[in-house]
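Trainee: There's a structure below that I have some questions on.
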Amino acid sequence: MTETIALHTRLKPGAEEEYDRVHAVIPADLDAALRDAGVRAWRIWRDGRELFHLVEVDDYRAMRRRLAAHPANVPWQARMAGLLEIEDDYSGDDHGIALVWSLPAGEAAPR
């Protein structure tokens, strides 16, 4: 079963254009590593310095453990550390942002 994980990160002041530029093309080896680690989709929205990620992955925590020392991810994370306000060093056991509410799929409730 696929997990949907929401994340929030923040850029350092002035890093917005560089972040967008760097993400214009993700390195092929990183793309392959993400997919091999079970990532089905990863989307990022930016509002000023605020970044909102939506990740669809087989097992989020297993993906993070697998990528922590991966040779494609280590240099990418070092690059991101220069742009993000708080570096993600993959040492924690984070679970993303907690879901508070979701509009149920299907028909609207009777009125």
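The values are calculated or read from the model by the stated rules, or taken from the named source; none is laboratory data. Quick caveat: nothing in here was measured; it's all calculated off a predicted structure. Here the Cβ positions follow ideal geometry from the backbone for every residue, glycine too, while neighbour counts run over all protein chains shown.
Trainee: When you look at residue 23, is it touching a helix residue (DSSP H, G or I) at 6+ places or on another chain (Cβ under 6 Å) and surrounded by 11 or more Cβ atoms within 10 Å (Cβ to Cβ), yes or no?
Mentor: No, not satisfied.
Every residue, every condition in (1) in contact with a Phe, Trp or Tyr (Cβ under 8 Å, 6 or more places away or on another chain); (2) of a type in the set (Ser, Thr, Tyr), yes or no:
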residue	(1), (2)
52	yes, no
60	no, yes
63	no, no
76	no, no
91	no, yes
97	no, no
107	no, no
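Trainee: Here is a further query. Quick check: is even one residue across the stretch 50-60 in a helix (DSSP H, G or I) and either over 16 Å from residue 87 (Cα atoms) or among the aromatic types (Phe, Trp, Tyr) (or both)?
Mentor: First, the residues of the stretch 50-60 that are in a helix (DSSP H, G or I): 60.
Retained after the next criterion (residues that are either over 16 Å from residue 87 (Cα atoms) or among the aromatic types (Phe, Trp, Tyr) (or both)): 60.
Yes - at least one qualifying residue is present in the stretch 50-60.
Trainee: Since residue 73 meets every condition but one in (1) without any contact (Cβ under 8 Å) to a residue 12 or more places away in the chain; (2) within 25 Å of residue 32 (Cβ to Cβ), which condition does it not meet?
Mentor: If we test residue 73 against (1) without any contact (Cβ under 8 Å) to a residue 12 or more places away in the chain; (2) within 25 Å of residue 32 (Cβ to Cβ), just (1) comes out false.
Trainee: Pairs needed: first member in the stretch 81-98, at pLDDT below 90; second member anywhere, in a loop (DSSP other than H, G, I, E, B); C-beta distance under 7 Å; at least 6 residues apart or different chains.
Mentor: 90/68
Trainee: Another question, then. Could you look through the stretch 9-24, keep only residues that are assigned to a loop (DSSP other than H, G, I, E, B) and free of Cβ contacts under 8 Å to residues at least 40 places away in the same chain, and pick out the one that is nearest to the chain's Cα centre (by Cα)?
Mentor: Once the filter is applied, the top-ranked residue is 23.
Trainee: Now, a different point. Keeping to the stretch 41-64, report how many residues are surrounded by 13 or more Cβ atoms within 10 Å (Cβ to Cβ) and without any contact (Cβ under 8 Å) to a residue 24 or more places away in the chain.
Mentor: Going through the stretch 41-64 one residue at a time, the tally reaches 2.
Trainee: Now, a different point. Evaluate the stretch 28-44: report whether one residue or more is at pLDDT 95 or above, assigned to a loop (DSSP other than H, G, I, E, B), farther than 19 Å from residue 90 by Cβ and of a type outside the set (S, T, N, Q).
Mentor: The answer is no, given that none of the residues of the stretch 28-44 is at pLDDT 95 or above, assigned to a loop (DSSP other than H, G, I, E, B), farther than 19 Å from residue 90 by Cβ and of a type outside the set (S, T, N, Q).
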